[in-house]
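The values are calculated or read from the model by the stated rules, or taken from the named source; none is laboratory data. Worth saying up front: this structure is predicted, and the values here are computed from it rather than measured. With ideal geometry, Cβ positions are generated from the backbone for all residues, glycine too; neighbour counts draw on all protein chains shown. Each accessible area value is taken on the protein alone, full model and side chains, heavy atoms only, with ligands, DNA and RNA left out. Shrake-Rupley method; radii C 1.70, N 1.55, O 1.52, S 1.80 Å.
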Amino acid sequence: MTAFLTAAALTTLAAPALAQDASPAPWELKSDMGYAYGKDGSTLAYKMGTNNAGLLLKGAKKVPRGTLFFVGQNGQLYMRSGPYLEGDGKFMFGSN
């Protein structure tokens, strides 16, 4: 499941950037879809079924709340579990 959420993050971050002062938009992840970040760096979306749900959940981990996903300058996908908002709710790593 972590891989699916990571892929969704990559897809969201790979989209054209919005103005920095615009409020962030929530992801539109669907419960019947799986999202993957492939070994070759590609992103994929799969229609999910229930026949192998137990196998899918085996070894899966929940993504902790407060996790930020981003693509570095090298094109690699990263995640950060730590503060990313200022006290006033603004993004810490935005442009000046």
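Which ones in the stretch 24-62 are surrounded by 12 or more Cβ atoms within 10 Å (Cβ to Cβ) and of a type in the set (Ser, Thr, Tyr)?
The answer is Tyr35, Tyr37, Thr43, Tyr46.
What pairs come up if the first residue lies in the stretch 61-78 and is without any contact (Cβ under 8 Å) to a residue 12 or more places away in the chain and within 20 Å of Gly94 (Cβ to Cβ), the second is in a strand (DSSP E or B) and open to solvent by 40 Å² or more (accessible area, probe 1.4 Å), and their beta carbons are under 7 Å apart, counting only those six or more places apart or on different chains?
Gly72/Tyr78; Tyr78/Phe70
Which count do you get for residues in the stretch 63-96 that are open to solvent by less than 50 Å² (accessible area, probe 1.4 Å) and either under 21 Å from Ser42 (Cα atoms) or in contact with a Ser or Thr (Cβ under 7 Å, 6 or more places away or on another chain) (or both)?
8
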